[in-house]
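Asks: Sharing a structure, written as C-alpha coordinates. Questions coming.
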Amino acid sequence: MVRPTARGHARPSRIVGLQSCPGAPVVHSVGQHPHHRIHTVNAGPGAMSSTAQSSAKRLVSLPHFAIPLGFAGLGGAWAVAAVTLGAPAWIEVTFYSIAAVLWILFSTVYIGERLRNTREFRDDRESAVSGAGAAFLPVVGILLLAHFGQYMPLQAARTVCWILVAALATVAAQLFAHWLTGQLTFKQLHPGYFLPLVAGPFIASIGLSSVHAIPAARTALGVGIFFWVIIGGVITARLITAGPLPVPVIPSLSVLLAPPATGGIATFFAYPGPVGPLQLAFFGVFIMMVLIQIALFRAYINLPFNLNFWNFTFPVSASANYGLHWLGEATFDGRRPLAWAIVCLATVIVLSIAAATVRSLLPDHRT
(Lines give C-alpha, C1' and ligand atoms only; values in the text may rest on other atoms or scores of the structure.)
Protein backbone atom coordinates (compact mmCIF):
# COMPACT_ATOMS: atom_id res chain seq x y z
CA MET A 1 0.00 0.00 0.00
CA VAL A 2 1.33 3.51 -0.76
CA ARG A 3 1.36 5.87 2.18
CA PRO A 4 2.19 9.58 2.08
CA THR A 5 5.37 10.59 3.78
CA ALA A 6 5.37 13.36 6.34
CA ARG A 7 5.49 15.81 3.44
CA GLY A 8 2.46 14.17 1.83
CA HIS A 9 4.41 12.54 -1.02
CA ALA A 10 3.75 8.94 -1.91
CA ARG A 11 6.14 6.14 -1.19
CA PRO A 12 5.56 2.67 -2.64
CA SER A 13 4.98 0.61 0.51
CA ARG A 14 1.27 1.20 1.02
CA ILE A 15 -1.51 3.25 -0.42
CA VAL A 16 -4.06 5.07 1.63
CA GLY A 17 -7.57 4.11 0.70
CA LEU A 18 -10.67 6.23 0.71
CA GLN A 19 -13.96 5.52 1.05
CA SER A 20 -18.06 6.99 -0.54
CA CYS A 21 -18.76 7.97 -2.36
CA PRO A 22 -22.09 6.39 -2.31
CA GLY A 23 -23.85 7.12 -5.41
CA ALA A 24 -27.24 5.51 -5.53
CA PRO A 25 -29.55 7.49 -3.34
CA VAL A 26 -32.22 4.99 -2.39
CA VAL A 27 -32.05 2.15 0.10
CA HIS A 28 -34.54 -0.66 -0.17
CA SER A 29 -35.60 -3.05 2.57
CA VAL A 30 -33.23 -3.58 5.48
CA GLY A 31 -34.77 -6.80 6.63
CA GLN A 32 -37.75 -9.06 6.30
CA HIS A 33 -39.87 -7.30 8.88
CA PRO A 34 -42.20 -4.87 7.11
CA HIS A 35 -41.53 -2.15 9.66
CA HIS A 36 -37.85 -2.23 8.77
CA ARG A 37 -38.51 -1.28 5.18
CA ILE A 38 -37.72 2.11 3.73
CA HIS A 39 -39.63 2.44 0.50
CA THR A 40 -37.95 3.57 -2.67
CA VAL A 41 -38.50 7.02 -4.08
CA ASN A 42 -39.87 7.24 -7.57
CA ALA A 43 -37.33 9.24 -9.53
CA GLY A 44 -39.64 9.73 -12.46
CA PRO A 45 -41.86 7.84 -14.87
CA GLY A 46 -40.67 4.33 -15.52
CA ALA A 47 -37.97 4.58 -12.88
CA MET A 48 -38.17 0.93 -11.90
CA SER A 49 -39.21 -2.17 -13.78
CA SER A 50 -41.47 -4.72 -12.15
CA THR A 51 -38.49 -6.98 -11.66
CA ALA A 52 -36.56 -4.18 -9.97
CA GLN A 53 -39.54 -3.55 -7.72
CA SER A 54 -39.56 -7.19 -6.70
CA SER A 55 -35.88 -6.91 -5.78
CA ALA A 56 -36.94 -4.45 -3.08
CA LYS A 57 -38.08 -7.52 -1.15
CA ARG A 58 -34.51 -8.78 -1.03
CA LEU A 59 -32.46 -8.57 2.14
CA VAL A 60 -29.62 -6.75 0.36
CA SER A 61 -29.84 -4.35 -2.58
CA LEU A 62 -27.21 -2.21 -4.27
CA PRO A 63 -27.51 0.89 -2.05
CA HIS A 64 -26.63 -1.19 1.03
CA PHE A 65 -23.03 -1.25 -0.24
CA ALA A 66 -22.77 2.44 0.65
CA ILE A 67 -22.29 1.26 4.25
CA PRO A 68 -19.00 -0.64 3.75
CA LEU A 69 -17.99 2.10 1.33
CA GLY A 70 -18.28 4.67 4.12
CA PHE A 71 -16.31 2.60 6.62
CA ALA A 72 -13.55 1.89 4.09
CA GLY A 73 -13.30 5.60 3.35
CA LEU A 74 -13.00 6.40 7.03
CA GLY A 75 -10.27 3.78 7.34
CA GLY A 76 -8.44 5.58 4.54
CA ALA A 77 -8.66 8.91 6.33
CA TRP A 78 -7.21 7.39 9.49
CA ALA A 79 -4.45 5.74 7.44
CA VAL A 80 -3.32 9.21 6.36
CA ALA A 81 -3.66 10.40 9.95
CA ALA A 82 -1.38 7.58 11.08
CA VAL A 83 1.37 8.97 8.83
CA THR A 84 0.86 12.71 9.17
CA LEU A 85 -0.27 12.83 12.81
CA GLY A 86 1.04 9.63 14.34
CA ALA A 87 -2.50 8.35 14.98
CA PRO A 88 -2.80 4.78 16.31
CA ALA A 89 -2.77 2.22 13.50
CA TRP A 90 -5.49 0.12 15.13
CA ILE A 91 -8.09 2.75 14.26
CA GLU A 92 -7.63 2.42 10.50
CA VAL A 93 -7.45 -1.38 10.84
CA THR A 94 -10.74 -1.41 12.75
CA PHE A 95 -12.63 0.59 10.14
CA TYR A 96 -11.17 -1.35 7.23
CA SER A 97 -12.04 -4.62 8.97
CA ILE A 98 -15.65 -3.51 9.53
CA ALA A 99 -15.85 -2.55 5.86
CA ALA A 100 -14.40 -5.90 4.77
CA VAL A 101 -16.82 -7.94 6.88
CA LEU A 102 -19.84 -5.97 5.65
CA TRP A 103 -18.68 -6.09 2.02
CA ILE A 104 -18.21 -9.87 2.10
CA LEU A 105 -21.52 -10.39 3.91
CA PHE A 106 -23.52 -8.08 1.64
CA SER A 107 -21.88 -9.47 -1.52
CA THR A 108 -22.60 -13.05 -0.52
CA VAL A 109 -26.25 -12.34 0.26
CA TYR A 110 -26.75 -10.07 -2.75
CA ILE A 111 -25.34 -12.57 -5.24
CA GLY A 112 -26.94 -15.57 -3.55
CA GLU A 113 -30.41 -14.03 -3.65
CA ARG A 114 -30.19 -13.48 -7.40
CA LEU A 115 -28.51 -16.66 -8.66
CA ARG A 116 -31.85 -18.29 -9.47
CA ASN A 117 -32.80 -15.37 -11.70
CA THR A 118 -29.67 -13.77 -13.09
CA ARG A 119 -31.79 -11.26 -15.02
CA GLU A 120 -32.15 -9.41 -11.73
CA PHE A 121 -28.49 -8.37 -11.94
CA ARG A 122 -29.20 -6.53 -15.18
CA ASP A 123 -32.46 -5.09 -13.88
CA ASP A 124 -30.66 -3.74 -10.81
CA ARG A 125 -27.95 -2.19 -12.96
CA GLU A 126 -30.48 -0.60 -15.32
CA SER A 127 -32.66 0.85 -12.55
CA ALA A 128 -32.98 4.61 -12.91
CA VAL A 129 -33.13 4.89 -9.12
CA SER A 130 -30.22 2.79 -7.91
CA GLY A 131 -28.46 1.44 -11.00
CA ALA A 132 -25.33 3.53 -10.46
CA GLY A 133 -24.81 1.55 -7.25
CA ALA A 134 -23.78 -1.47 -9.33
CA ALA A 135 -20.30 0.02 -9.24
CA PHE A 136 -20.22 -0.24 -5.44
CA LEU A 137 -19.18 -3.89 -5.42
CA PRO A 138 -15.86 -3.51 -7.31
CA VAL A 139 -15.22 0.00 -5.89
CA VAL A 140 -15.32 -1.22 -2.29
CA GLY A 141 -13.16 -4.18 -3.28
CA ILE A 142 -10.51 -1.87 -4.75
CA LEU A 143 -10.47 0.27 -1.62
CA LEU A 144 -10.08 -2.78 0.59
CA LEU A 145 -7.28 -4.12 -1.61
CA ALA A 146 -5.50 -0.76 -1.28
CA HIS A 147 -5.23 -1.52 2.44
CA PHE A 148 -5.08 -5.30 2.74
CA GLY A 149 -2.92 -5.72 -0.36
CA GLN A 150 0.13 -4.91 1.76
CA TYR A 151 -0.24 -8.35 3.36
CA MET A 152 -0.30 -10.14 -0.01
CA PRO A 153 2.50 -10.99 -2.45
CA LEU A 154 2.76 -8.16 -4.96
CA GLN A 155 1.87 -10.33 -7.94
CA ALA A 156 -1.22 -11.68 -6.19
CA ALA A 157 -2.29 -8.16 -5.24
CA ARG A 158 -1.81 -7.02 -8.83
CA THR A 159 -3.93 -9.89 -10.14
CA VAL A 160 -6.78 -9.12 -7.74
CA CYS A 161 -6.53 -5.41 -8.51
CA TRP A 162 -6.77 -5.97 -12.26
CA ILE A 163 -9.78 -8.25 -11.80
CA LEU A 164 -11.57 -5.61 -9.73
CA VAL A 165 -10.65 -2.79 -12.11
CA ALA A 166 -11.85 -4.88 -15.07
CA ALA A 167 -15.13 -5.54 -13.24
CA LEU A 168 -15.57 -1.83 -12.55
CA ALA A 169 -14.78 -0.93 -16.18
CA THR A 170 -17.30 -3.50 -17.41
CA VAL A 171 -20.06 -2.23 -15.13
CA ALA A 172 -19.32 1.39 -16.03
CA ALA A 173 -19.38 0.62 -19.75
CA GLN A 174 -22.69 -1.24 -19.43
CA LEU A 175 -24.21 1.61 -17.46
CA PHE A 176 -23.10 4.28 -19.90
CA ALA A 177 -24.25 2.23 -22.88
CA HIS A 178 -27.65 1.86 -21.23
CA TRP A 179 -27.87 5.62 -20.62
CA LEU A 180 -26.83 6.39 -24.21
CA THR A 181 -29.85 4.50 -25.52
CA GLY A 182 -32.19 7.03 -23.93
CA GLN A 183 -33.35 4.87 -21.04
CA LEU A 184 -33.14 7.76 -18.56
CA THR A 185 -35.15 10.94 -18.44
CA PHE A 186 -33.41 14.20 -17.62
CA LYS A 187 -35.27 14.55 -14.34
CA GLN A 188 -34.15 11.11 -13.15
CA LEU A 189 -30.49 12.15 -13.04
CA HIS A 190 -28.88 12.76 -9.64
CA PRO A 191 -25.32 13.23 -8.35
CA GLY A 192 -25.06 9.50 -7.60
CA TYR A 193 -24.21 8.98 -11.25
CA PHE A 194 -20.77 10.46 -10.54
CA LEU A 195 -19.71 7.23 -8.85
CA PRO A 196 -19.32 4.65 -11.63
CA LEU A 197 -17.82 6.88 -14.34
CA VAL A 198 -16.02 9.63 -12.39
CA ALA A 199 -15.10 8.62 -8.85
CA GLY A 200 -14.86 4.99 -10.01
CA PRO A 201 -11.90 5.56 -12.37
CA PHE A 202 -10.21 7.79 -9.79
CA ILE A 203 -10.51 5.02 -7.19
CA ALA A 204 -9.26 2.52 -9.78
CA SER A 205 -6.24 4.79 -10.24
CA ILE A 206 -5.56 4.66 -6.49
CA GLY A 207 -5.81 0.88 -6.49
CA LEU A 208 -3.46 0.57 -9.46
CA SER A 209 -0.93 2.85 -7.77
CA SER A 210 -1.06 0.59 -4.73
CA VAL A 211 0.27 -2.28 -6.85
CA HIS A 212 2.85 -0.05 -8.56
CA ALA A 213 1.04 0.03 -11.92
CA ILE A 214 1.70 3.75 -12.32
CA PRO A 215 1.13 4.06 -16.11
CA ALA A 216 -2.23 2.31 -15.76
CA ALA A 217 -3.06 4.53 -12.77
CA ARG A 218 -2.44 7.64 -14.87
CA THR A 219 -4.60 6.20 -17.64
CA ALA A 220 -7.49 5.62 -15.22
CA LEU A 221 -7.05 9.17 -13.95
CA GLY A 222 -7.54 10.46 -17.49
CA VAL A 223 -10.72 8.40 -17.89
CA GLY A 224 -12.14 9.91 -14.70
CA ILE A 225 -11.36 13.46 -15.82
CA PHE A 226 -13.01 12.87 -19.20
CA PHE A 227 -16.24 11.56 -17.72
CA TRP A 228 -16.21 14.23 -15.01
CA VAL A 229 -16.48 16.84 -17.75
CA ILE A 230 -19.15 14.88 -19.66
CA ILE A 231 -21.33 13.66 -16.77
CA GLY A 232 -20.73 16.68 -14.55
CA GLY A 233 -22.17 19.14 -17.01
CA VAL A 234 -25.31 17.08 -17.59
CA ILE A 235 -26.01 16.50 -13.90
CA THR A 236 -25.38 20.14 -13.00
CA ALA A 237 -27.82 21.21 -15.71
CA ARG A 238 -30.42 18.83 -14.29
CA LEU A 239 -29.96 20.15 -10.75
CA ILE A 240 -30.29 23.75 -11.90
CA THR A 241 -33.14 23.48 -14.41
CA ALA A 242 -35.26 20.38 -13.68
CA GLY A 243 -36.62 21.23 -10.25
CA PRO A 244 -35.62 20.08 -6.76
CA LEU A 245 -34.57 16.54 -5.98
CA PRO A 246 -36.98 14.37 -3.98
CA VAL A 247 -36.31 14.89 -0.27
CA PRO A 248 -34.82 11.41 0.37
CA VAL A 249 -32.38 11.97 -2.51
CA ILE A 250 -31.05 15.32 -1.26
CA PRO A 251 -28.11 13.68 0.63
CA SER A 252 -26.73 12.65 -2.76
CA LEU A 253 -25.76 16.31 -3.29
CA SER A 254 -22.83 15.60 -0.99
CA VAL A 255 -21.45 13.31 -3.70
CA LEU A 256 -20.34 16.47 -5.52
CA LEU A 257 -17.33 16.36 -3.18
CA ALA A 258 -16.27 12.91 -4.33
CA PRO A 259 -14.75 13.65 -7.77
CA PRO A 260 -12.26 16.34 -6.70
CA ALA A 261 -11.39 14.49 -3.48
CA THR A 262 -10.82 11.07 -5.06
CA GLY A 263 -9.20 12.58 -8.14
CA GLY A 264 -6.90 14.67 -5.99
CA ILE A 265 -5.80 11.67 -3.92
CA ALA A 266 -5.25 9.65 -7.09
CA THR A 267 -3.06 12.44 -8.46
CA PHE A 268 -0.89 12.45 -5.32
CA PHE A 269 -0.11 8.77 -5.93
CA ALA A 270 0.05 8.75 -9.73
CA TYR A 271 2.34 11.82 -9.81
CA PRO A 272 4.42 11.70 -6.62
CA GLY A 273 6.84 14.48 -5.84
CA PRO A 274 6.34 18.24 -5.89
CA VAL A 275 2.78 19.49 -6.27
CA GLY A 276 2.00 20.19 -9.91
CA PRO A 277 -0.65 22.07 -11.90
CA LEU A 278 -3.06 19.11 -12.05
CA GLN A 279 -3.02 18.71 -8.28
CA LEU A 280 -3.60 22.44 -7.81
CA ALA A 281 -6.55 22.30 -10.20
CA PHE A 282 -8.15 19.45 -8.24
CA PHE A 283 -7.59 21.36 -5.01
CA GLY A 284 -9.24 24.50 -6.36
CA VAL A 285 -12.36 22.58 -7.43
CA PHE A 286 -12.39 20.77 -4.09
CA ILE A 287 -12.40 24.03 -2.12
CA MET A 288 -15.35 25.30 -4.17
CA MET A 289 -17.27 22.07 -3.57
CA VAL A 290 -16.62 22.37 0.17
CA LEU A 291 -18.00 25.91 0.16
CA ILE A 292 -21.08 24.70 -1.72
CA GLN A 293 -21.63 21.96 0.87
CA ILE A 294 -21.40 24.55 3.65
CA ALA A 295 -24.06 26.58 1.87
CA LEU A 296 -26.23 23.44 1.67
CA PHE A 297 -25.85 22.66 5.38
CA ARG A 298 -29.21 24.15 6.34
CA ALA A 299 -30.95 21.93 3.76
CA TYR A 300 -29.18 18.87 5.16
CA ILE A 301 -29.81 19.57 8.84
CA ASN A 302 -33.58 19.67 8.37
CA LEU A 303 -33.80 16.31 6.62
CA PRO A 304 -35.53 13.42 8.41
CA PHE A 305 -33.14 10.55 8.97
CA ASN A 306 -33.21 7.55 6.66
CA LEU A 307 -30.64 5.12 5.36
CA ASN A 308 -29.87 7.42 2.44
CA PHE A 309 -27.78 9.39 4.93
CA TRP A 310 -25.02 6.88 4.17
CA ASN A 311 -24.58 8.95 1.01
CA PHE A 312 -22.78 11.48 3.22
CA THR A 313 -20.16 9.06 4.51
CA PHE A 314 -18.01 8.50 1.44
CA PRO A 315 -17.70 12.17 0.41
CA VAL A 316 -16.96 13.19 4.01
CA SER A 317 -14.32 10.48 4.45
CA ALA A 318 -12.69 11.10 1.08
CA SER A 319 -12.62 14.84 1.79
CA ALA A 320 -10.93 14.25 5.15
CA ASN A 321 -8.42 11.98 3.42
CA TYR A 322 -7.64 14.60 0.79
CA GLY A 323 -7.51 17.42 3.32
CA LEU A 324 -4.95 15.53 5.40
CA HIS A 325 -2.81 15.00 2.32
CA TRP A 326 -2.66 18.75 1.78
CA LEU A 327 -2.02 19.47 5.45
CA GLY A 328 0.90 17.05 5.19
CA GLU A 329 2.31 19.43 2.58
CA ALA A 330 1.61 22.57 4.64
CA THR A 331 4.03 24.36 6.94
CA PHE A 332 1.79 26.90 8.71
CA ASP A 333 1.30 26.87 12.48
CA GLY A 334 -1.83 25.10 13.62
CA ARG A 335 -1.90 22.56 10.82
CA ARG A 336 -1.78 19.59 13.21
CA PRO A 337 -4.76 20.70 15.34
CA LEU A 338 -6.65 21.41 12.12
CA ALA A 339 -5.83 17.96 10.77
CA TRP A 340 -6.99 16.31 14.00
CA ALA A 341 -10.22 18.31 13.87
CA ILE A 342 -10.90 17.21 10.27
CA VAL A 343 -10.38 13.49 10.83
CA CYS A 344 -12.30 13.53 14.11
CA LEU A 345 -15.21 15.40 12.52
CA ALA A 346 -15.38 12.84 9.71
CA THR A 347 -15.37 10.05 12.29
CA VAL A 348 -18.17 11.64 14.31
CA ILE A 349 -20.31 12.03 11.18
CA VAL A 350 -19.87 8.43 10.02
CA LEU A 351 -20.34 6.91 13.48
CA SER A 352 -23.37 9.12 14.13
CA ILE A 353 -25.01 7.84 10.95
CA ALA A 354 -24.12 4.28 11.94
CA ALA A 355 -25.64 4.78 15.41
CA ALA A 356 -28.78 6.36 13.96
CA THR A 357 -29.11 3.43 11.57
CA VAL A 358 -28.94 0.90 14.38
CA ARG A 359 -31.37 2.96 16.44
CA SER A 360 -33.86 3.11 13.54
CA LEU A 361 -33.93 -0.69 13.43
CA LEU A 362 -34.81 -1.11 17.09
CA PRO A 363 -38.43 -2.11 17.83
CA ASP A 364 -39.23 1.17 19.59
CA HIS A 365 -38.09 3.26 16.59
CA ARG A 366 -39.44 1.42 13.57
CA THR A 367 -40.76 3.62 10.80
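Asks: What are the ³J(HN,Hα) couplings of region 330-338, residue after residue, when phi is run through the Karplus curve with 6.51, -1.76, 1.60 and θ = phi - 60°? Round to Hz, x for glycine and proline.
Replies: After applying 6.51 cos²θ - 1.76 cosθ + 1.60, I find 6, 10, 6, 5, x, 5, 5, x, 5 Hz.
Asks: Using a basic spin-label model with each label point 7 Å from the Cα along Cα→Cβ, how many nm lie between L239 and W340?
Replies: Placing both labels 7 Å along Cα→Cβ, they lie 3.4 nm apart.
Asks: Can you pull the percent of region 237-367's accessible area that's carbon plus sulfur, 1.4 Å probe, other chains left in place?
Replies: Carbon with sulfur: 74 percent of the solvent-accessible area.
Asks: Send over a whole-number figure in Å² for the accessible area per residue of region 311-357, probe 1.4 Å.
Replies: Ligands and nucleic acids excluded, the figure is 39 Å² per residue.
Asks: By per-residue mean of other Cβ atoms within 10 Å, what is the highest-first order of 70-76, 195-201?
Replies: Result, highest mean Cβ count within 10 Å first: 70-76, 195-201.
Asks: Sort 283-293, 155-165, 237-247 for me by packing, meaning the mean count of neighbouring Cβ atoms within 10 Å per residue, highest on top.
Replies: Answer by packing, highest mean first, reads 155-165, 283-293, 237-247.
Asks: Given a 1.4 angstrom probe, I'd like the percentage of the accessible area of region 68-118 that is carbon and sulfur, rounded to a whole number.
Replies: Using a 1.4 Å probe with all protein chains present, region 68-118 comes out at 73 percent carbon and sulfur.
Asks: Seen from all sides and averaged, what is the projected area of the convex hull of the Cα atoms in region 266-367, in nm²?
Replies: That works out to 8.0 nm², a quarter of the Cα hull's surface.
Asks: Expressed in nm², what is the orientationally averaged projection area of the convex hull enclosing the Cα positions of region 86-153?
Replies: The orientation-averaged projected area of the Cα hull of region 86-153 comes to 6.2 nm².
Asks: Next up: Using 0.36 nm times the number of residues separating V101 and K57, minus their current alpha carbon distance, what extension gain do you get?
Replies: Gain in length upon complete extension: 13.6 nm.
Asks: Note down the magnitude of the dipole of region 259-367 about its Cα centre, charges +1 on Lys and Arg C-beta and -1 on Asp and Glu C-beta and zero elsewhere, to the nearest 20 debye.
Replies: Charge dipole of region 259-367: 200 debye, to the nearest 20.
Asks: Using the Karplus curve 6.51 cos²θ - 1.76 cosθ + 1.60 with θ = phi - 60°, work out ³J(HN,Hα) for each residue of region 228-245 in order, rounded to whole Hz, and write x for Gly and Pro.
Replies: Per-residue couplings from phi come out as 4, 5, 5, 6, x, x, 5, 5, 4, 4, 5, 5, 7, 10, 9, x, x, 5 Hz.
Asks: Moving on to the next point. Output the peptides 141-152, 262-273, 321-332 sorted from most to least packed, where packing is the average of other Cβ atoms within 10 Å over each peptide's residues.
Replies: Top of the packing list down: 262-273, 141-152, 321-332.
The values are calculated or read from the model by the stated rules, or taken from the named source; none is laboratory data. All of these numbers come straight from a predicted model, not from anything done at the bench. Cβ atoms come from the backbone with ideal geometry, glycine included; neighbour counts cover every protein chain shown. Accessible surface is based on the protein model in full, side chains and every heavy atom, while ligands, DNA and RNA are left aside. Shrake-Rupley method; radii C 1.70, N 1.55, O 1.52, S 1.80 Å.
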